[in-house]
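Asks: Provided herewith is a single structure, encoded as structure tokens, for subsequent inquiry.
The values are calculated or read from the model by the stated rules, or taken from the named source; none is laboratory data. Computed from a predicted structure; not experimentally measured. Backbone-built Cβ (ideal geometry, glycine too); neighbour counts: all protein chains shown. In case anyone asks, the SASA skips ligands and DNA or RNA and just uses the protein heavy atoms, side chains included. Shrake-Rupley method; radii C 1.70, N 1.55, O 1.52, S 1.80 Å.
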Amino acid sequence: MRHALTIGTTLSLIAVTMAHAQPAGIAEILPIKAGQAICFTADLKKPVTMDIEDWSQNKISMEPVPGEKQKDGKPLMRPVPALLKGRQVTTLVMQVTAADLNPSEPYDFILRATVKGWKKPLYAAGSCAPTKDEAGKSDANKLSCIVECDGGSIGLARTAGTSSADAIFGRDGGLRMTAGCGDEESGPSYRLKAAAAEQLFRLAPVAAKQCVPLRRWIEQ
């Protein structure tokens with residue numbers, strides 16, 4: 001009996017040690033059942049400086065792609081948006097919902113950002129999947145949240161030891177967002193991107209009512 005107790009105690013200690021050694025993944029703070037959602041918001045003590053690309057038709061210019069030509073020998077042209085530098089983001093709200101349609105993209109997201117001096121907020125929606133490294137291994141602590149059709153992406157990583165997460169905007173690409181209630185076909189299109197190499201927004205879970213405007217936007 002004493003040996004059995006010793007073995008049982010040892011196994012329990014090993015199990016506890018292993019549990020503490022394993023990193024806590026982001027899935028632990030996100031909804032599990034399909035259709036369930038969690039609302040996050042960034043507690044911004046002061047506005048965050050971001051750059052915004054303006055993809056409105058009258059704001060786009062064309063420039064040649066270096067070293068590229070068309071079949072007729074003319075320079076290959078590409079669209080270049082107006083860059084609105086140093087804009088102040090005053091709020092950021094994100095809803096993450098457990099999805100059931102695609103196991104490889106287990107979450108859907110809606111993001112809302114307000115910009116100082118802008119009458120309408122910016123919205124984006126898409127899906128989130130585990131971030132993978134060059135070897136194809138998934139990162140249990142981080143998601144890539146993507147807008148379809150080359151709409152860019154942001155990272156979503158759990159803040160260690162908490163129920164919070166970091167929304168991570170890169171300098172290149174940015175995230176395509178729509179102003180106001182219009183969809184991407186009818187509303188003005190922008191890309192929100194970091195002004196520096198990378199911009200993190202610390203997101204904390206809040207009451208579901210704070211995400212009501214996001215749900216209204218996606219339903220229109």
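Asks: Which pairs do you get when a residue that is closer than 18 Å to Arg87 by Cβ and at pLDDT below 90, found in segment 162-189, comes within reach of a residue that is acidic (Asp, Glu) and open to solvent by 40 Å² or more (accessible area, probe 1.4 Å), reach meaning Cβ atoms under 7 angstrom, with the pair 6+ apart or on two chains?
Replies: These pairs meet every condition: Gly170/Glu198; Arg171/Glu198.
Asks: Can you pull out the residues in segment 86-125 that are under 19 Å from Asp54 (Cα atoms) and out of contact with any strand residue (DSSP E or B) (no Cβ under 7 Å at 6 or more places or on another chain)?
Replies: Of everything in segment 86-125, those that are under 19 Å from Asp54 (Cα atoms) and out of contact with any strand residue (DSSP E or B) (no Cβ under 7 Å at 6 or more places or on another chain) turn out to be Gly117, Trp118, Lys119.
Asks: Considering each residue of segment 30-61, count those that are free of Cβ contacts under 8 Å to residues at least 24 places away in the same chain and open to solvent by less than 40 Å² (accessible area, probe 1.4 Å), and give that number.
Replies: Within segment 30-61, residues that are free of Cβ contacts under 8 Å to residues at least 24 places away in the same chain and open to solvent by less than 40 Å² (accessible area, probe 1.4 Å) number 0.
Asks: Still on this structure: Those residues that are among the basic types (Lys, Arg) and more than 22 Å from Glu53 (Cβ to Cβ), I need them from segment 187-220; list them, please.
Replies: Once the filter is applied, which keeps residues that are among the basic types (Lys, Arg) and more than 22 Å from Glu53 (Cβ to Cβ), segment 187-220 yields Arg202, Lys209, Arg215, Arg216.
Asks: So if I check each of Lys74, Lys69, which one is surrounded by 11 or more Cβ atoms within 10 Å (Cβ to Cβ), more than 30 Å from the chain's Cα centre (by Cα) and either under 30 Å from Ser164 (Cβ atoms) or free of Cβ contacts under 8 Å to residues at least 12 places away in the same chain (or both)?
Replies: The unique qualifying residue is Lys69.
Asks: Among the residues in segment 82-92, are any under 22 Å from Ala208 (Cβ atoms) and touching a Cys at 6+ places or on another chain (Cβ under 6 Å)?
Replies: No: zero hits.
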